[in-house]
Each structure stands twice: as structure tokens, then as C-alpha cells.
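These notes concern the structure reproduced below.
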Amino acid sequence: MTTITKPPTESVLIRRPGPRELHPVRTHRRRRALELSLALAVPLCLVLLWQLAATQAWIDDRVYPAPSTILADGWDRAAAGELWPDVWATLKRVLAGYAVGTAAGYALGLLMGSLSLVRAALEPLLDALYVVPKLALLPIFLNMFGLGEGPQVALVAATVFFFVWISTMSAVMSVPAGHRDAGQVFGASRWQMFRHVLLPASLPSVLVGARIAAGVAVLVIVASEQIAATNGLGHLIFDSRALFQNDVMFVGIVCVAVLGVLFSELIRFAGRLLTPWAPRDRGRGQS
């Protein structure tokens, strides 16, 4: 008796295109609208809950003023011109220190990422300095520069320097060897190697470090102003707390938050302009 074995039936999986494939632009707009709605809804709900808790006496409004009180006080101080000097004092210190720290960190990171001997000589020392809390350096900067803007700017610059240095050095070292080999095959000079190989390949990672440094710079300057400054948002927060003017204290905190977000988003926007070839961390292509 002969047994006839039939070949197994082949199955074909057919995937029908979904809305994302059929209408990519519309899907992307809906996704962005949903993300924006969530980004606004969460803090708005928290503010409304805070307002309700203050008005219903669930919390002590002398310690935690209602958001409406904070908004009214901030508006009055801004209209009277009392708020802007502190905002400007903090902003100019952040910008000056950020510019110095970014330039120094990028230059040294590029040098250490490209030359192994320089990296071997300097990396242990910089690693040791990196773990030192930057606020611990404030007394040294006060001795070096005296009272005034110098210590504040130097502290921000030192903080930003390490973030940019690490991201730049790592980005340059991570450039694929094939990219470098291709440049050498075409006879690229050192400048051409930097301009057409190292810079485009490393810049996206460098800008990520620069954006992180932007937020940390605001944190550091506010802490520094609470210790060794006579103006600025940090001084405003600390001084208001000492005088039990909690509404003014929260006005300063809100200004710091807005300043940090705007500064970080500015660096993000600059990164998109400088590196259009790099994948975006938000937006089209995100699911």
C-alpha cells in the first residue's frame, strides 16, 4: 500500500495599508495635535487642582499661594518694571557662561576625540574634575574674580564645558572608521576631513549635549545667585522666601522654568537648522 503525502499548504500573509500609509500627512497632524493636547492638558490639570486646593483651604495659601494669586502678582511686578531687571541679570549670565563653556568644551572635545595622545594626557584629570560639584567651585571663583559677574559666568561656563566636552569627544570617537577611510582615499586634507567627515557625523550628538547643558546652566545660575548675588531670579527666590513673600517666590520659580524651557527649545531649534540630515527626537516619523 502506497501512501501519498500532499505538500503542505502555503499561507500568504497580506498586510493591508493602514491610515498611516494611506494618509501620512493627515496622520502626522493628528498625532502632533494629540501630543500637543497632552502636553498642555497635564500641567493645566495640575494647576487647576492646585487652584482648587488653595481656594478650598485644603492647603495653606500663605505657604502655597493660588496660581491666580501668583499670576496676578507676576503681572503687577512685570507691569511695574520690577521683574525684568532680575530676569535680564540671570539671562545675561547664562548666555555669557554658556557661550564660553560651549566654545571651550567643543574645541577641547574635538581635539581629544581626534588625537589619542592628547586624550590620554588630559582625560584622567578632566574626569576627576567632572565629578566635583560645580557649586563647590564657587568660592574659588570668588577668590579669583571677586564679587560681581565674573564668578557667576565662570560657574556656568565650567558646568557647560564638561557636558559639551564629553558629548563632543564621544561623538568624534564614534565616527565610523569607514567614513574616515573614505576621506583619506579621496585625499582629503585635515580641514576637509573635519569639514566634510567629522563635523557632519558628530554634530547631532554634540548638539544633544549642548541642549542638556542649556538646562543645567539655568539650574546652576539660580543656585549660584542664591548664594553670591544681589540680583537675578535666584536672589529673588531666596530673598522672597526669607521675607515670607511666597507669592513672589513662586513668580521667580515660574520665570526660571519658562527661561529654562525657552533656552532648551532654542538650542533644539538651532540643532534642527544645523543638522537637517539628523533624525528628530520629536515629530514626523515618531509613532
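The values are calculated or read from the model by the stated rules, or taken from the named source; none is laboratory data. Owing to the predicted nature of the structure, the values given are computational and were not obtained by experimental measurement. No Cβ is skipped: glycine too gets one built from the backbone with ideal geometry, and neighbour counts run over all protein chains shown. Side chains included, ligands, DNA and RNA excluded: accessible areas come from the protein's heavy atoms. Shrake-Rupley method; radii C 1.70, N 1.55, O 1.52, S 1.80 Å.
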Note: Met144 to Ala223 extended length (0.36 nm per residue) minus current alpha-carbon separation gives 26.5 nm
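Going from most exposed to least, what order do Arg15, Arg190, Arg93 have by accessible area with a 1.4 Å probe? Working shown, then result.
Working: Arg15 175, Arg190 220, Arg93 5 Å².
The most accessible residue leads, giving Arg190, Arg15, Arg93.
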Toy charge model, Lys and Arg Cβ at +1, Asp and Glu Cβ at -1: the chain dipole around Cα centroid in debye, rounded to 20, equals 1640
Taking only the alpha-carbon atoms of region 140-287, the convex hull volume per residue, in cubic angstrom, is 144
Counting Lys and Arg as +1 and Asp and Glu as -1 over every other residue whose Cβ sits under 14 Å from the Cβ of Val172, the net charge comes to +3
Expressed in angstrom and rounded, the centroid-to-centroid distance over alpha carbons for region 101-147 and region 56-77 is 42
Scaled by the rule-of-thumb 2.2 N^0.38 Å, the alpha carbon Rg for region 26-173 gives a ratio of 1.54
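For region 67-274, with all protein chains present and a 1.4 Å probe, just round the carbon and sulfur fraction of the accessible area to a whole percent. If you can, show how the numbers build up before the last one.
On the way: 7620 of 10750 Å².
Carbon with sulfur: 71 percent of the solvent-accessible area.
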Here region 48-63 yields Karplus 3J(HN,Hα) values (6.51, -1.76, 1.60; θ = phi - 60°; whole Hz; Gly and Pro given as x) of 5, 5, 4, 4, 5, 5, 6, 6, 8, 6, 6, 10, 7, 6, 6, 8
Per GNM of the chain with C-alpha springs under 10 angstrom, the most fluctuating residue out of Leu259, Leu52, Leu155 is Leu52
Honestly the chain on the Cα gyration tensor test (a ≥ b ≥ c root eigenvalues; a/c under 1.5 rounded, otherwise a/b vs b/c for prolate or oblate) is just oblate
For the chain, dividing by residue count, accessible area per residue (probe 1.4 Å) in Å² works out to 64
Protection proxy (average C-beta count within 10 Å per residue), highest first, orders 62-71, 141-150, 36-45, 166-175 as 166-175, 62-71, 141-150, 36-45
Calc'd 3J(HN,Hα), region 68-75, phi into Karplus 6.51 cos²θ - 1.76 cosθ + 1.60 (θ = phi - 60°), Hz, glycine/Pro = x, comes to 5, 5, 5, 4, 5, 5, x, 4
Along region 87-95, Karplus-curve 3J(HN,Hα) (6.51, -1.76, 1.60; θ = phi - 60°) to the nearest Hz, with x for Gly and Pro, reads 4, 5, 4, 5, 5, 5, 5, 5, 5
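For the chain, what does the helix formula give at 222 nm: sum of -39500 (n - 2.57) over DSSP H segments with n ≥ 4, over the residue count, nearest 500 deg cm²/dmol? Write out the running numbers ahead of the final one.
Values: 12 runs with 210 residues, N = 287.
Calculated mean residue ellipticity at 222 nm is -24500 deg cm²/dmol.
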